[in-house]
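In what follows, a single structure is set out as structure tokens and then discussed.
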Amino acid sequence: MLIVELLNLLSRMAHSRVHKDRGELRIHENLDELGTDLAEYIAELSETSVKERGVFAIAVSGGSLIGLMGYLCNFILKLCEAPYNKTVDWAKWYIFWADERVVAKTHADSNYKLAKDGLLSKVPVVPSHVNSINDSVSAEEAADDYEFHIRQLVKSRTINVSDISDCPKFDLILLGMGPDGHVASLFPNHPVLDEKAEWVTFITDSPKPPPERITFTLPVINSASNVALVVTGESKAEAVHLAIDDVGSDCLSLPARLVQPTKGKLVWFLDKPAASTLEGSQFSE
């Protein structure tokens with residue numbers, strides 16, 4: 001068993017490198033390998049955070065990431081089993097949404113519903129630690145309400161605070177990315193990319209339905225201790241290339257490229273199709 005685990009570790013290491021500006025790149029042969037690595041990554045961060053702070057504050061985005069979670073669920077559920085159940089203390093997890101569609105929690109488009117049905121109902125999280133938006137008000141009011149709620153948890157240090165700004169410092173923000181390079185509900189060329197004062201903002205003109213959403217702003221995302229971008233599929237290969245490789249100034253406003261943790265760590269979890277156009281022949285076989 002030890003030899004098998006060592007070979008698996010060496011296999012993952014062979015597909016991992018650190019980009020000088022864009023964080024750690026972990027390229028996986030398939031979704032099974034990606035799921036195992038992602039589960040272990042989350043388990044390690046959870047254990048470290050609980051030991052250091054007594055809690056683990058994690059924010060997840062919706063859309064493609066939540067859809068992928070349906071497949072990855074079996075791997076994340078392994079955190080409830082040995083040996084992870086000795087290190088992952090679900091009772092200390094506080095879960096947030098990096099973006100949410102302003103629809104009822106029972107609506108098929110609700111990120112909360114998708115996450116609850118696919119994962120949260122299957123793990124022993126404390127229900128009161130699952131922090132969803134107020135779905136009975138307008139998008140603007142929902143954003144204001146969510147930011148107020150997060151501010152209260154920053155005051156109590158359930159969520160840490162950045163030591164270089166007043167922004168919340170989540171232990172982990174887990175993001176997906178769209179083929180257009182959007183992350184959370186931060187879309188290319190949208191004015192909210194320039195939002196600096198608010199922690200949570202809203203949009204009513206999402207290019208993808210539903211149009212009304214709330215989203216973390218870039219200062220909050222970039223204040224996190226750890227940010228992970230999980231991207232799979234050949235349809236996103238070009239966006240991955242533009243978000244990671246040195247392509248000049250033309251793509252500096254791509255939302256995924258603007259994810260640059262100020263003092264935290266950035267890790268990309270990619271499958272080979274998503275990494276197929278990255279510079280470096282070992283990733284474009």
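When shorter helices are ignored and each DSSP H run of at least 4 residues is given -39500 (n - 2.57), the per-residue value for the chain at 222 nm works out to -9500 deg cm²/dmol.
With θ taken as phi - 60° and the Karplus curve 6.51 cos²θ - 1.76 cosθ + 1.60 applied, the whole-hertz 3J(HN,Hα) list for the stretch 207-214 is x, 10, x, x, x, 8, 8, 10 Hz, x standing for glycine and proline.
Rounded, prolate or oblate, given the Cα gyration tensor of the stretch 93-175, with a/c below 1.5 counting as rounded? Mind showing how you got there, number by number?
Values: a/c = 2.10, a/b = 1.32, b/c = 1.59.
Verdict is oblate for the stretch 93-175.
What size of dipole, in debye to the nearest 20, comes out for the chain about its Cα centre when the only charges are +1 on Lys and Arg C-beta atoms and -1 on Asp and Glu C-beta atoms? The calculated dipole for the chain is roughly 780 debye.
Indicate the gyration tensor shape class of the stretch 120-231 (rounded, prolate or oblate), computed on the Cα atoms with a ≥ b ≥ c the square roots of the eigenvalues: a/c under 1.5 is rounded; otherwise a/b larger than b/c is prolate and the rest oblate.
Taking the square roots of the gyration eigenvalues as a ≥ b ≥ c, the stretch 120-231 is rounded.
Note on the stretch 176-285: Kirkwood hydrodynamic radius from all Cα pairs is 14.5 Å, rounded to one decimal.
Dipole size of the stretch 95-177 about its Cα centre, with +1 on Lys/Arg Cβ and -1 on Asp/Glu Cβ: approximately 420 debye, rounded to the nearest 20.
Counting only heavy atoms of the protein chains, get the accessible area per residue of the chain (1.4 Å probe) and round it to a whole Å² value.
Working: 12670 Å² over 285 residues.
Per residue, the chain has an accessible area of 44 Å².
Bridge orientation summary for the chain: considering DSSP beta bridges with both residues in this region, about 40 percent are antiparallel. For the stretch 17-147, the calculated P(r) over all alpha carbon pairs, in 5 Å bins from 0 to the bin holding the longest distance, is 2, 10, 17, 21, 19, 15, 10, 5, 1 percent.
Using a 1.4 angstrom probe on the protein heavy atoms only, could you order 69, 177 from most to least accessible area?
Working: 69 25, 177 0 Å².
Descending order: 69, 177.
Within the full protein context, the accessible area of residue 231 is estimated at about 0 Å² for a probe radius of 1.4 Å.
Given a 1.4 Å probe and every protein chain left where it sits, what share in percent of the accessible area of the chain is carbon and sulfur?
Working: 6770 of 12670 Å².
Result for the chain: 53 percent of the exposed heavy-atom area is carbon or sulfur.
Each listed q (0.11, 0.12, 0.16 Å⁻¹) maps to a log10 I(q)/I(0) for the chain from the Debye sum over equal C-alpha point scatterers, namely -0.60, -0.73, -1.37.
Here's the picture: charge each Lys and Arg Cβ at +1 and each Asp and Glu Cβ at -1 in the chain, and of 88, 75, 181 the one pushed furthest to the positive end of that dipole is 88. Ranking 237, 59, 269 by how far each Cα lies toward the positive end of the dipole of the chain (charges on Cβ) leaves 59 at the top.
The values are calculated or read from the model by the stated rules, or taken from the named source; none is laboratory data. As the structure is a computational prediction, the values presented were derived from the model and not from experiment. All Cβ positions, even for glycine, are placed from backbone atoms using ideal geometry, and neighbour counts span all protein chains on display. Surface accessibility is based on the protein's heavy atoms, side chains included, excluding ligands, DNA and RNA. Shrake-Rupley method; radii C 1.70, N 1.55, O 1.52, S 1.80 Å.
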